[in-house]
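The values are calculated or read from the model by the stated rules, or taken from the named source; none is laboratory data. Only a predicted model underlies this, so the values are computations on that prediction, with no experimental measurement involved. Glycine also receives a Cβ, built like all others from the backbone with ideal geometry; neighbour counts cover every protein chain displayed. Ligands, DNA and RNA are excluded from the accessible area calculation, which covers all protein heavy atoms including side chains. Shrake-Rupley method; radii C 1.70, N 1.55, O 1.52, S 1.80 Å.
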Amino acid sequence: MKVSIQTLGCKVNFAEMAELGDRLARAGYTVSDSDEAADVCIINSCTVTAQADRKLRTMVHGLRRRHPKAHLILTGCHVDNPNPRVSAVPSVDVAFPNARKREIFDYVSANFAPTGEQGSTTFTRSRFFLKVQDGCNHRCTYCIVWRTRGASRSDDEMHLIERAQRAVADGYGEIVLTGVDLGAFGREHGRTLASFVRRLLAAIAPARLRLSSINANDFTPELIELTAAPRFCRHLHIPLQSGSDRVLKRMGRLYRRRDYLTLVDVLRNQSPGMAVTADVIVGFPGETEMDFADTEALAADAGLSGMHVFRYSPRAGTAAPRLGLPVDDPISRERSRRLQTQAEAQRRAYESGFIDRDLEVVWDRQLPHRVRGLSDNYITVYASARGQQLGALSRVRPLTSTVDGLLCG
Ligand code: SF4
């Protein structure tokens, strides 16, 4: 019985499907992320923008066309969004909201007998994505996620440490912590992300640890100190969203320009070369050319080595559309183009600083005659294929740069 898992959106979505894929494989199913000859397709959706809804619907219609007999199971934030721009729910066989996502395993087991042979999964990657927290208690005015994921809640620390240790024993060289609001981990139990990170780092040696994304306002002195610890990846994804204090206030974000820049300075003082990447929204209601210039300037001053640039997308059920002053489409497109060009130039400038310097990479993909890896400071690295093991850590010394990364001999 072939089960295809398709994941859209964030790393939390991916971590959830990696865990489900492992369970299904252990139960005897053949699991993959390709939809070739699939009997069952599980789609974990995103609804963060109108474009995400469109992309999902295109994917679902494509699966239905290619596999008319396959059983389509939809889950994820799109299912929980009461007013998606376009709904994909009518096009699938069954839909599970986020709160019932854990029932999918039982549903598949009850309705589709496994082949009985030892199952397999090609779904997992070479880095182990560990979801530790879900939901969010904040109310950023552009965001629908707190509605679709519910209140913030954390998984049990001991259970998480055991899962991470099992992954390291299975050969994973990197553990990636994911959460919808990762910085809130443990808060409802009076605990902190930092104390968990300290325990986890000790428990997963010799593997390394990466945080997937964390808000600037969640950096405590203890967590900042830990980012300089051995085996803590020198890369932090810290959503910025805007470089204008006026826009940050309208977004309901809990930091300002000065806070973000000071944080990046402190992080780099203790870990020179720390890679900082960010999410940025352009075209937010009321954003002026001055506000956008503040975003460009902050991105430059912070020396961001990567930016995910999103054009603002009004979501029903969020506060931002009521703020008025929409930004015209052509202006929003132009700002997105300019910022992506800036992001690309800054990424290449940052990466070129690591030519002819030692880097630790985890190999994550076999390519014809080459392997691809990811360095601890989030640089894509290529090397000639010499039997490198996916998931393993290696030290390399890149010699030149390529279009999307660095190249070793
Ligand atoms: S912190 Fe803000 S943007 Fe992030 S999930 Fe929560 S409400 Fe959404």
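Right, A15: assigned to a helix (DSSP H, G or I), under 30 Å from G283 (Cα atoms) and small (G, A, S) or not?
Against the criterion (assigned to a helix (DSSP H, G or I), under 30 Å from G283 (Cα atoms) and small (G, A, S)), A15 does not qualify.
Regarding S34, is this residue within 29 Å of L211 (Cα to Cα), open to solvent by less than 20 Å² (accessible area, probe 1.4 Å) and hydroxyl-bearing (S, T, Y)?
Here the answer is no, as S34 does not meet what is asked.
Taking T318, is it out of contact with any Gly (no Cβ under 9 Å at 6 or more places or on another chain) and either acidic (D, E) or open to solvent by less than 40 Å² (accessible area, probe 1.4 Å) (or both)?
yes
Could we say that F310 is assigned to a strand (DSSP E or B), surrounded by 15 or more Cβ atoms within 10 Å (Cβ to Cβ), within 15 Å of the ligand (Cβ to nearest atom) and in contact (Cβ under 8 Å) with a residue 12 or more places away in the chain here?
Considered against the rule, which asks whether it is assigned to a strand (DSSP E or B), surrounded by 15 or more Cβ atoms within 10 Å (Cβ to Cβ), within 15 Å of the ligand (Cβ to nearest atom) and in contact (Cβ under 8 Å) with a residue 12 or more places away in the chain, F310 comes out as yes.
Would you call S352 closer than 28 Å to A228 by Cα and free of Cβ contacts under 8 Å to residues at least 40 places away in the same chain?
Considered against the rule, which asks whether it is closer than 28 Å to A228 by Cα and free of Cβ contacts under 8 Å to residues at least 40 places away in the same chain, S352 comes out as no.
Which is open to solvent by less than 60 Å² (accessible area, probe 1.4 Å) and either of a type in the set (V, I, T) or in a loop (DSSP other than H, G, I, E, B) (or both), of V60, V48?
One residue alone meets the criteria, V60.
Exactly one of (1) under 30 Å from N81 (Cβ atoms); (2) open to solvent by 10 Å² or more (accessible area, probe 1.4 Å); (3) part of a helix (DSSP H, G or I) is unmet by T148. Its number?
(2)
Of the numbered conditions (1) part of a strand (DSSP E or B); (2) open to solvent by 10 Å² or more (accessible area, probe 1.4 Å); (3) of a type in the set (V, I, T), T141 fails exactly one; give the number of that condition.
(1)
Could you run through the range 278-306 and say how many residues are touching a residue at least 60 places away in the same chain (Cβ under 8 Å) and open to solvent by 10 Å² or more (accessible area, probe 1.4 Å)?
Qualifying residue count, the range 278-306: 4.
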